[in-house]
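Coordinate-derived values only; no laboratory data. All figures in this text were calculated on a predicted structure; none of them were measured in a lab. With ideal geometry, Cβ positions are generated from the backbone for all residues, glycine too; neighbour counts draw on all protein chains shown.
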Protein chains: 2
Amino acid sequence: LSSENFKLDKRLANDCIPLGYLHWVSIKNELSGEASLLLLMNNAEIPWFVIVPVGVAAIDIDELDDKQQSQLLKEVNALSGFLKTNYSVDKINFASIGNIVKQMHFHLVARTEQDSCWPGVVWGVNAKIKYTRQQVENLTTLLNKEISFFKPN
Amino acid sequence: LSSENFKLDKRLANDCIPLGYLHWVSIKNELSGEASLLLLMNNAEIPWFVIVPVGVAAIDIDELDDKQQSQLLKEVNALSGFLKTNYSVDKINFASIGNIVKQMHFHLVARTEQDSCWPGVVWGVNAKIKYTRQQVENLTTLLNKEISFFKPN
C-alpha cells in the first residue's frame, strides 16, 4: 500500500478520527495498491467525512488525472449514499477548499435544516460535541458492512 | 437547447452575471443539446465562477449520472486551467453546497492569500466591489477564446 510513507497533515490528524481506507478498485473490480484515507471530522453534531487520497501530489481537483477523478467520484457516490441511508440528510455538501491544510482532502458533509450551522457552511465553526469511542466503532462497523471497498483501520 | 424552459434561481440571478453556456461535448467531440450555464459571481475582488447544469433534476453531486459527472469535471478542469492561466491563484476552491439555493450549482473560486476572505471561505461574505461592464466583456471574450466549448450569451 502506498500509504506506508504517507503522513497525514497535523491539523487533519488533530481535528479528525481515522476510520480506515477506501481501496481503489480497477475496472476488473480488483483492489489496486492505491487508496484514500477516510477520516471522520470529530463533530458529533454533523456527519462529516474527509477523504484524503493517499500519495497524490495534486493540490487542486483539476490536477487529478482522469482515473483519479473517477475514483474520487466513486468514493463520493458511495459515501453520499451511505450518509443518505443512515442519517437524516437535507443536503450533501461536497467541497475541496484547502486554504489552510495544503494536503489534498475533500469534505463530504450531511447537512440538515436542524443542524447548528444551517444554512451557513460548516467550515470555520468549532465542534462542541465530540464522538464517543462507541459511536466511532458503530460507524466503522456500518461502513465496513455497506461499502465494499472500505477497510477499517 | 434544453435551456428554453430553464429558469435560473432568483438568488443566483441576483448575485451573479450570466456569461454564457458550456456546451456538453460527446466523445466524438460533437456538441450535444445539453449545457451548463456559466455565471460570474458579482464580486470583483475574487474570480468566482458558478456552474449551473441546465435541465438537471439532481440536487446532490452523487445524483448526477456517470456522464453528467464526467461532464462536470471536464468543465471544472477547463475553468480551473482558465483561472490559473489568467489570474493569480494560490488555491482553487470547488464546492457544491446549496443549502440556500436549491437549484444545482457548483462554485469554482480562485483564491489568493491576499484576498479579503483568506484563509476563510468565501460563502456568506457580501461582495464590496462589483464588476464593471467592461471587465465582464473582457472576461467573456477571453473565455470565448480559450475554452472551445464555451459560447457567450
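Numerical summary
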quantity: Axis-nearest residue of B (beta carbon) for the B-onto-A rotation, whole Å; calculated: B:Ala95, 2
quantity: Cα pair distances exceeding 20 angstrom across chain B, given as percent; calculated: 47
quantity: The range A:91-153, dipole about Cα centre (Lys/Arg Cβ +1, Asp/Glu Cβ -1), debye to the nearest 20; calculated: 160
quantity: Cβ-derived FRET efficiency at R0 41 Å, B:Lys67 paired with A:Gln134, nearest 0.05; calculated: 0.45
quantity: Degrees separating the helix A:133-146 axis from the principal Cα axis of chain A, which is the longest one; calculated: 50
quantity: Whole-angstrom gap from the range B:43-99 to the range A:58-96, using each part's C-alpha centre; calculated: 14
quantity: Lys, Arg +1 and Asp, Glu -1 on Cβ, resulting dipole of the protein assembly as shown about Cα centre, debye, nearest 20; calculated: 440
quantity: Fraction of the pair-distance distribution of the range B:98-151 above 19 Å, Cα-Cα pairs, percent; calculated: 52
quantity: Inverse of mean 1/r across different Cα pairs in the range B:31-87, Kirkwood, Å; calculated: 12.6
quantity: Using alpha-carbon coordinates, inclination of helix A:66-86 to the longest axis of chain A, degrees; calculated: 30
quantity: Calculated [θ] (222 nm, deg cm²/dmol) that DSSP helices of n ≥ 4 give over chain B, each run adding -39,500 (n - 2.57); calculated: -8500 deg cm²/dmol
quantity: Max mean-square fluctuation residue, GNM over chain B, Cα-Cα springs under 10 Å, options B:Asn42, B:Asn86, B:Asn99; calculated: B:Asn99
quantity: Most positive-pole-ward Cα, B:Asn126, A:Cys16, A:Thr141, against dipole of the protein assembly as shown from beta carbon charges; calculated: B:Asn126
quantity: Neighbouring partner chain Cβ atoms per residue of A:111-118, average, 10 Å criterion; calculated: 1
quantity: Candidates B:Glu63, B:Glu75, B:Glu34: whichever shows maximal mean-square fluctuation once chain B is modelled as a Gaussian network with Cα springs under 10 Å; calculated: B:Glu63
quantity: Value of relative contact order over the range B:1-131, rounded to a whole percent, pairs C-alpha under 8 Å and six or more apart; calculated: 25
quantity: Of the trypsin sites (Lys or Arg not before Pro) in the range A:91-153, those whose Cβ has at most 10 other Cβ within 10 Å and which sit in DSSP loop; calculated: A:Lys128
quantity: Dimensionless Rg over Rh [the protein assembly as shown; C-alpha; Kirkwood]; calculated: 0.95
